[in-house]
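Single-structure report; data block below.
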Amino acid sequence: MKVRFAAALVGATLPLAAFAQTGQDLLNDGKTPGDVLTYGMGMSQQRYSPATQIDRNTVKRLVPAWSYSMADNRGLEAQPLIKDGVIYLTDHEKTVAVDALTGKEIWKAMIEYAPETTRVVCCGIVNRGGALFDGKFYRTTLDAQVIALDIKTGKEVWRTKSSDPKDGYSMTVAPLVANGIVIAGVSGAEFGVRGYLEGYDAQTGKQLWRTYTIPAPGEPGSETWAGSSLTHGGGSTWVTGSYDPELDLVFWGIGNPAPWNPLNRRGDNLHTNSIVAFSPKTGKPAWFYQMTPNDPFDYDGVNELIQAELTIDGMQRKVIMQANRNGFLYVIERATGKPLAVNPFVKVTWADRIDLATGRPVWSDETKMIVEKGGKARIYPALQGGKNWAPMSFNPTTGLLYINTLDFGMDYETLPAEQVADLKPGQPHYGVNRPGAYDPDQRGYLRAVDPLTGKSKWSIPFKSPNICGTLVTGGGLVFTGMMTGEFLAVDSDTGKILWQFQTPSGVVGQPVTWEKDGKQYVTVTSGIGGVYAMKSGDPNLVHVPAGGTLWNFKLFEEYAPQRTSSVQ
């Protein structure tokens, strides 16, 4: 991999105050609406802004301020970061700094890949964003490297190779900076990797620790794998975790085992499909909780982990919340990993319920058959999940989660065990058939969900699912996007669509809002991509063009006419 730097455009200047961010700045991010310094708009990842200038009444005046072309026909899934009037954004092949008020490019740093790199990216050639800290922008690359760029110039400060793509590894995750450590995870469970998390020195890029998500033979947990299946057991870590500075713990979701077919890897397969809490300084785990033992359905466990304080049985509890792809919404005590409430938020047939006493699922008859001897059954949700990777948001004033759900099943069938017995790292690790079972009129909803019951206060149906993050504000709005290109503002209390704007491509990114000079802005990417768009065959997406753009919106104002002069 090579990084190429493009010089700043004439007339574009970088504010001097944008040179550095401290650890305290990151911790305060959720309380400072002028900047968006962290993935999730705060260490708690609530994706909530108290800003109220754009509200239920004024949103009808929301108009584009500018758009910027990313010159990319791949999907745009990254969350923009904003510091002192500069927007930082990634795609798979570049990082850009853009003037937030004008949309003018300040710098652009390109990444060049070897042609074979994309062969081990299963589910879309994308990147989900970066991290800001101490005057640097940190990001990952498809060929499994972590790089730091100077935010003044975009020039490379350091680069660390994590793994080799030929072994099935890639990186699409936005790094997390916690207690001064840069933390990143890997993709590759579909290609037989052994997943891990890594911590890096923020100044030099030196690898400080590596924690594997799959035990080595003889280590605790290895007994939960059959034979040598743990050597290529999966357990990717491709969605950014969250950090609790009081406990000094990072919470990170761990992905599916490999292959999807369970017949040659009997057992719980620790620590796949789990949440792991660990020290950012050492990577040493404090606790783990497994949601889907022996996962046959690629339900994964990587979804974002939102921190909140909820009243449960009359007591204030500090929790993390995850809407898992398996269709259950988990509320878990942060300090211990104890499940406090687990309920379905979409249709679920693979399990009858979650036993809170043990934390384990009670398998349905269909799942018992598949795990014990293989077979075929219609299963809900499909392997894309009741919710895919795109993050939900949480309003701490109402206690509701806002979730884009996928509401369809699959006709799942295991292939004979001998067909998947000798898979090697770098080869696709599937071993199942899994065509979707769709309702022709709707495939998803936007829902306002009670985290303690999984019940929806309201829901809006969509013909195609929305695989886009949600953003909730103090102005009573939920912002999200559709794969057919509409960017939406919805009343957070009622679910009524109050405003929409047609962008040029599908919206599959992560909207953010921020303030500058007394004005509120909303920023989002447009650019269809990702596994659903690639592989679902959704007829509603046939005429959605590719092409990545960054959009910034503000409230319409009356402008005084500008004086003009003629040129002789």
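The values are calculated or read from the model by the stated rules, or taken from the named source; none is laboratory data. Keep in mind that this is a model prediction, so the values were computed, not measured. Backbone-built Cβ (ideal geometry, glycine too); neighbour counts: all protein chains shown.
Residue by residue, here is whether (1) among the acidic types (Asp, Glu); (2) closer than 21 Å to THR513 by Cβ; (3) at pLDDT below 95 holds:
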{"residue": "LYS387", "(1), (2), (3)": "no, no, no"}
{"residue": "LEU400", "(1), (2), (3)": "no, yes, no"}
{"residue": "GLU413", "(1), (2), (3)": "yes, no, no"}
{"residue": "GLN419", "(1), (2), (3)": "no, no, yes"}
{"residue": "LEU423", "(1), (2), (3)": "no, no, yes"}
{"residue": "GLN427", "(1), (2), (3)": "no, no, yes"}
{"residue": "GLY431", "(1), (2), (3)": "no, no, yes"}
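Search the stretch 372-394 for residues that are among the polar types (S, T, N, Q) and pair each with any residue that is in a loop (DSSP other than H, G, I, E, B) and at pLDDT 95 or above when their beta-carbon atoms are under 6 Å apart and the residues are at least 6 apart or on different chains.
ASN388/ILE467; SER393/ARG47; SER393/THR470
Return the residues of the stretch 110-141 that are surrounded by fewer than 24 Cβ atoms within 10 Å (Cβ to Cβ), closer than 23 Å to VAL193 by Cα and in contact with a helix residue (DSSP H, G or I) (Cβ under 6 Å, 6 or more places away or on another chain); say none if nothing qualifies.
THR117, CYS122, CYS123, GLY124, ILE125
Taking the condition of being out of contact with any His (no Cβ under 6 Å at 6 or more places or on another chain) and either closer than 25 Å to VAL121 by Cβ or surrounded by fewer than 15 Cβ atoms within 10 Å (Cβ to Cβ) (or both), how many residues in the stretch 418-456 meet it?
Kept after step one, since they are out of contact with any His (no Cβ under 6 Å at 6 or more places or on another chain), are these residues of the stretch 418-456: 418-422, 424, 426-456.
Cutting the leftovers down to either closer than 25 Å to VAL121 by Cβ or surrounded by fewer than 15 Cβ atoms within 10 Å (Cβ to Cβ) (or both) gives us 418-422, 424, 426-437, 439-441, 443-444, 453, 455.
Number satisfying all stated conditions: 25.
Within the stretch 209-223, how many residues turn out to be surrounded by fewer than 24 Cβ atoms within 10 Å (Cβ to Cβ) and touching a residue at least 60 places away in the same chain (Cβ under 8 Å)?
Residues of the stretch 209-223 that are surrounded by fewer than 24 Cβ atoms within 10 Å (Cβ to Cβ), as a first pass: 209-212, 215-223.
When the remaining residues are screened for being touching a residue at least 60 places away in the same chain (Cβ under 8 Å), the result is 209-211.
Residues in the stretch 209-223 being surrounded by fewer than 24 Cβ atoms within 10 Å (Cβ to Cβ) and touching a residue at least 60 places away in the same chain (Cβ under 8 Å): 3 in total.
For residues that are part of a loop (DSSP other than H, G, I, E, B) and of a type in the set (Ser, Thr, Tyr), scanning just the stretch 310-351, find the one that is surrounded by the fewest Cβ atoms within 10 Å (Cβ to Cβ). Even if it seems obvious, please write down each step before you answer.
Within the stretch 310-351, the subset part of a loop (DSSP other than H, G, I, E, B) is 313-314, 324-327, 334-338, 345-350.
Pick out the ones that are also of a type in the set (Ser, Thr, Tyr) and you get 336, 349.
Numbers: THR336: 12, THR349: 17.
So, considering only residues that are part of a loop (DSSP other than H, G, I, E, B) and of a type in the set (Ser, Thr, Tyr), the one surrounded by the fewest Cβ atoms within 10 Å (Cβ to Cβ) is THR336.
Scan the stretch 291-309 for residues that are surrounded by fewer than 24 Cβ atoms within 10 Å (Cβ to Cβ) and farther than 19 Å from GLY359 by Cβ and jot them down.
GLN307, ALA308, GLU309
Identify the single condition in (1) surrounded by 21 or more Cβ atoms within 10 Å (Cβ to Cβ); (2) closer than 24 Å to ARG159 by Cβ; (3) touching a Leu at 6+ places or on another chain (Cβ under 9 Å) that GLU105 does not satisfy, given that it satisfies every other one.
(1)
Restricting attention to the stretch 41-82, which residues are in a strand (DSSP E or B) and either buried (at least 20 other Cβ atoms within 10 Å of the Cβ) or within 16 Å of the chain's Cα centre (by Cα) (or both)?
Initial filter on the stretch 41-82 (in a strand (DSSP E or B)): 48-49, 62-69, 81-82.
Result: TYR48, SER49, LEU62, TYR68, LEU81, ILE82.
Which one of these is assigned to a loop (DSSP other than H, G, I, E, B) and not hydroxyl-bearing (Ser, Thr, Tyr): PRO381, PRO361?
Values: PRO361 fails: assigned to a loop (DSSP other than H, G, I, E, B).
Going through PRO381, PRO361 in turn, just one is assigned to a loop (DSSP other than H, G, I, E, B) and not hydroxyl-bearing (Ser, Thr, Tyr): PRO381.
From the list THR224, THR204, THR213, which residue is among the polar types (S, T, N, Q) and in contact with an Asp or Glu (Cβ under 8 Å, 6 or more places away or on another chain)? Outline the logic, then answer.
On the way: THR204 fails: in contact with an Asp or Glu (Cβ under 8 Å, 6 or more places away or on another chain); THR213 fails: in contact with an Asp or Glu (Cβ under 8 Å, 6 or more places away or on another chain).
Just one listed residue meets the conditions, THR224.
Please verify whether THR38 is of a type in the set (Ser, Thr, Tyr), touching a helix residue (DSSP H, G or I) at 6+ places or on another chain (Cβ under 6 Å) and either touching a residue at least 24 places away in the same chain (Cβ under 8 Å) or not in a helix (DSSP H, G or I) (or both), treating the condition exactly as stated. Walk me through it before giving the result.
Numbers: of a type in the set (Ser, Thr, Tyr): yes; touching a helix residue (DSSP H, G or I) at 6+ places or on another chain (Cβ under 6 Å): yes; either touching a residue at least 24 places away in the same chain (Cβ under 8 Å) or not in a helix (DSSP H, G or I) (or both): yes.
Here the answer is yes, as THR38 does meet what is asked.
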